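Asker: Questions regarding the structure given below will be posed in turn.
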Amino acid sequence: MPSAEPPQDTPVSSSTGRRRAGPSIGDVAKIAGLSPQTVSRVSTGALNVRPETRQRVLDAMEKVGYSPNNAARALRYGSFRTIGLVAHRLSRTGESRTMEAVVEAARRERYTVTLVDVESPSSQDVDEAVQRLTHQSIDGLVIIRAETATPTALALPPRLPVVVSDSRFVGHHPAVGADQTSGTTAAVRHLLDLGHATVHHLAGPDDSGPAEQRVQAWKAALTDAGRPVPAPLVGDWSARSGFDLGRRIADDPAVTAVFCANDEMAAGLVRALSEAGRRVPDDVSVVGFDDIPLADYLWPPLTTVHQDFTQIGEGLVDLLMRQIRDGVQLVDEHVSIPTHLVVRASTAPPR
């Protein structure tokens with residue numbers, strides 16, 4: 001019969017006979033010629049250890065293949081080489097694409113990313129997410145969207161490098177975000193220049209900072225042009241909400257142009273209009289926001305405002321690295337990423 005003994009390179013506990021997952025502190029102590037207590041102090045980052053002793057322990061850890069905890073890793077490399085990331089509703093296009101850009105930019109810096117996706121944008125939920133991350137030992141924190149959390153209500157650990165993709169935090173934490181105002185203004189002016197009397201708005205949810213910025217910019221553009229400002233219809237970013245609200249829009253023959261707060265709601269609106277027998281752009285012109293890859297393949301191809309999510313993510317990591325690596329104190333730094341209108345076939349002069 002085959003031997004029941006484990007392979008020789010698999011450590012075995014002498015007391016239980018069970019296989020051990022890998023080298024232990026005792027193995028490191030034996031190689032280093034030190035006590036397990038000394039090895040433990042080094043691995044937890046204790047300061048009462050002589051430099052030469054610390055180096056002996058680190059060398060022994062490397063020799064036996066022992067994976068030290070986060071504190072020892074920070075001791076060896078000068079940092080945990082880990083970034084915490086707090087996001088809200090990663091299913092949304094902006095959050096998911098920004099997160100992808102943050103992860104890729106961090107990878108180029110040889111940092112890993114630990115993610116927490118909070119259920120609600122309240123200050124309490126964001127605070128709890130930050131606490132979970134800091135307990136895992138991070139060098140800095142990226143908050144993709146704080147939404148309803150405010151700079152004064154958000155409790156962050158002192159001296160922790162932080163960067164936020166939310167312009168409301170300027171003056172409290174460095175921020176990176178798209179220029180919502182210029183993008184929205186360009187969309188509204190495009191429709192007015194085509195000859196539409198006014199522009200209706202399919203807005204994002206009330207608890208969203210970017211949605212609120214787009215609403216304000218839409219109102220300002222119409223007011224500056226001396227045009228009536230219709231009551232906005234509030235969706236939840238989903239194509240389904242665009243479709244449901246779109247059926248109400250389709251029933252109003254006075255509507256000839258609609259600016260949507262994102263491309264998914266615009267797609268739902270286009271379907272609702274089509275099912276109601278109202279053609280895009282012959283009867284109703286539609287503009288979205290984000291310029292997701294699908295926008296160019298809708299029918300008709302969607303006119304939309306382009307956001308560079310890659311540049312936003314890279315900007316967040318760059319500001320964080322300046323704080324972590326270079327020790328730069330950043331508070332009022334705000335990077336505004338330009339947006340621009342991409343004109344496709346979903347807009348035309350009114351009949």
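All of the numbers you see were taken from the coordinates with simple rules; none came from a lab. Since this is a predicted model, take the numbers as computed values, not measurements.
Asker: Once you have all Cα-Cα distances for segment 200-265, histogram them in 5 Å bins from zero and send the whole-percent values.
Answerer: Pair shares across the bins are 4, 18, 29, 24, 18, 7, 0.
Asker: Next question. Name the long-range amide H neighbours of Ala257: under 5 Å, sequence gap of 5 or more, or other chain; modelled H, no Pro or chain starts.
Answerer: Counting only residues 5 or more places away or on other chains, the set is His200, Ser285.
Asker: Which whole-Hz ³J(HN,Hα) couplings does segment 304-310 yield from phi under the Karplus relation 6.51 cos²θ - 1.76 cosθ + 1.60, θ = phi - 60°, glycine and proline marked x?
Answerer: So the Karplus estimates, Gly and Pro as x, are 7, 9, 7, 10, 8, 5, 4 Hz.
Asker: Can you work out ³J(HN,Hα) from phi for every residue in segment 275-285, in order, using Karplus 6.51 cos²θ - 1.76 cosθ + 1.60 and θ = phi - 60°, giving whole Hz and x for Gly and Pro?
Answerer: Per residue, the Karplus-derived 3J(HN,Hα) values read 5, 8, x, 9, 8, 10, x, 4, 9, 9, 8 Hz.
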